[in-house]
Structure formats: structure tokens, C-alpha cells
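Read through the structure below, which is laid out as C-alpha cells, and then see the notes.
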Amino acid sequence: MTKSLFKTARIALAMAVACGASTTPFLDAKTDQFPKPTATLPVKVEFAGSTVLLPLRVNGSSTLWFILDTGANSCVLDHRVAGDLRLQEVGTSQGTGAGRGPVPYRRYRKEDVTFTVADTRFACEHVISVDLANQPSIIGRRVDGILGSDFIAQFVVEVDYERALVQLHNAERFIYEGSGDIIDLTFDRRLPYVEAEITVVGQPPTRRKLLVDSGSQDAVDDDLLLKSTENLRKVTGGVGLGQTYEVFFGRLAGFRLGRFNFKDVPSVAPGVALVGSEVLRRFRAYYDYRRNRMILEPNRHLNDPFPSP
């Protein structure tokens, strides 16, 4: 989808790095050499649309802005940042992004890269760099990197879209006592998935497995859309990392995630089946990978109409 078609266009920066396919629970990264928070650490964030940008430092740098991306499984630097830090690559490979085709990346030793957020240091098991130079044209501002599952799994990450606040909770001590909906997560290649119900015109409600992708500004994408009897429109998709390609745009008649129901939800197909930040921004979301769950508390934007092309 093009940016001009849809202000919440699919600009996913999801970077799936091949590290073996596993559906086992996500265990926290091996960062015991760094102190973990003993209490909640609040971090004021910025937004590019509904994309969360977290301020942090890398190896003592000045403040850099990283996308908080549940659709990425590694910690990613822009090539420019890696060069400024004079990091020595230890290899190259290819991954996948929002678009088609391989996305080349460089690998670095985790011991050579230290991240600091809210005065708490952490490391990532997998540190890579990619070319993020096109991000200003996509989201309107420079992006220095991406924080994926290697970061998120070390905490319980609370994202309050309404207050523009991210809170990092000690994962071992976290106890949830709110009234939000607790939704089970499963993991594949260290990426979180949920089961949800999708309805398209002319088809019965169908259970689907969707990637939870806060790095995508789409609402819900799934190939079930292609079975809709409603007219679909051809647009450009895969905007982000990788090559763009032709997709179909339409609306889902219904989408149910946990106890929450949405109607007339914009969607594109074919592509990655996902629930993106156009849905997630309607909640205070807790990502608790250690317990294989996501918790959603609705905010005042729950019933906002979905954007039209």
C-alpha cells in the first residue's frame, strides 16, 4: 500500500532473522551481566503515526530513536549508526521485511553492543544492522534502529498509547491485577502470534493465526480477504523493508480479538497475516513474553472509526 493511499499504511519494519523455527515459549535473553529493573521504569516515547519510538543510547551514544516492534525478532541498528559506533561486523546474511525479497543485514557480537534505556543497560542476543535510510519518506522522520523480541522479552513492556508512555516492568516480579483481557501468545522464530476471528463478506467467521506487529501501521491483514465477495482494489503493498508488490485492499466485515469486536476493518492481501498498530493503539498493551501472553486494556480510542483510503 502506498503512503498516499492510506496514512496508516503498512510501513512494517519487521525483520525476521532466521535463527531456527521454534514454537517453544520465549525465554528471556541471556543478559544476567546487566542489572534488571527492580521497579517500573517509565519512558516517555514519541510517535510517528501509531508507531512507537523509544529513546535510548547505544555504547554511550547520544539519544537515538528506535521503533518498538513486536514484529521484529532482533535488535536492529541502521547501517549509519553501526558505522558511527565503529562496530565490527562478524558476518552478513539475509532476512525478510514488509516487502518481498531478501533484506541483507550485517551481524555483530552481542558483547560489543550495550543498549541503555531509562538508565538501565541491556544486551541483545542478536544484533544486526540494515539500511533504514528510506524511513523518513515512509514515516516522516529518521529512525536509528528497531527493538524486537530480544529486547521485549527481558521485561514486561507496557505500552500506553494514550499517554505516550512505555513502562518497563521487572519480568520476574510482575503481577497483573487489572481488568484487561489476557490473550495467549505462541512464538515462532521468537515472534509473537495470537489467534483471532476474522469475517469477510460471503464467508463464515474463521479462526486465524496472526503476527502481533506493532511495527506495522496496518489494522489487520490476512489472505482470507481474497475470498471476500466484496470488490477489492489493487494497490501497492510491502512498503518498508524489501521490495514493494501488488496487493488487494478491502475491508473485513468483522474482527474479534479476545473479547473485543471490530467492524469494517481495513485490510490488504496477500502478505503477512498480522494485527498491527492501528488496532493496538486502541489499548494499553502489556507484552509479557515470559508468561506467553499479551494483556489489552481498552482506552478512549477503542471505538475510533478506522481510516478510509
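Which one is surrounded by the most Cβ atoms within 10 Å (Cβ to Cβ) among residues in segment 68-81 that are in a strand (DSSP E or B) and in contact with an Asp or Glu (Cβ under 9 Å, 6 or more places away or on another chain)?
Here the answer is V76.
Identify the residue in segment 255-279 that is of a type in the set (G, A, S) and open to solvent by less than 10 Å² (accessible area, probe 1.4 Å) and, among all such residues, is farthest from L224 (Cα to Cα).
Filtering first and then ranking leaves S277.
Checking the structure you have, find out if any residue of segment 183-206 is among the aliphatic types (A, V, I, L, M), open to solvent by less than 40 Å² (accessible area, probe 1.4 Å) and under 13 Å from Y286 (Cβ atoms).
Among the residues of segment 183-206, at least one is among the aliphatic types (A, V, I, L, M), open to solvent by less than 40 Å² (accessible area, probe 1.4 Å) and under 13 Å from Y286 (Cβ atoms), which makes the answer yes.
State the number of residues belonging to segment 133-182 that are open to solvent by 60 Å² or more (accessible area, probe 1.4 Å) and part of a strand (DSSP E or B).
Summing the residues that are open to solvent by 60 Å² or more (accessible area, probe 1.4 Å) and part of a strand (DSSP E or B) in segment 133-182 gives 1.
For V43, state whether it is under 21 Å from the mean Cα position of the chain (by Cα), surrounded by 15 or more Cβ atoms within 10 Å (Cβ to Cβ), at pLDDT 90 or above and not aromatic (F, W, Y).
When the stated conditions are applied, V43 does not pass them.
Among the candidates R291, R251, R282, single out the residue that is open to solvent by less than 10 Å² (accessible area, probe 1.4 Å), at pLDDT 95 or above and basic (K, R).
R282
State all residues of segment 257-297 that are part of a strand (DSSP E or B) and free of Cβ contacts under 8 Å to residues at least 40 places away in the same chain; if no residue qualifies, say none.
Matches in segment 257-297: N261, K263.
The values are calculated or read from the model by the stated rules, or taken from the named source; none is laboratory data. All figures in this text were calculated on a predicted structure; none of them were measured in a lab. With ideal geometry, Cβ positions are generated from the backbone for all residues, glycine too; neighbour counts draw on all protein chains shown. Surface areas here come from the heavy atoms of the whole protein model, side chains and all, with no ligands, DNA or RNA. Shrake-Rupley method; radii C 1.70, N 1.55, O 1.52, S 1.80 Å.
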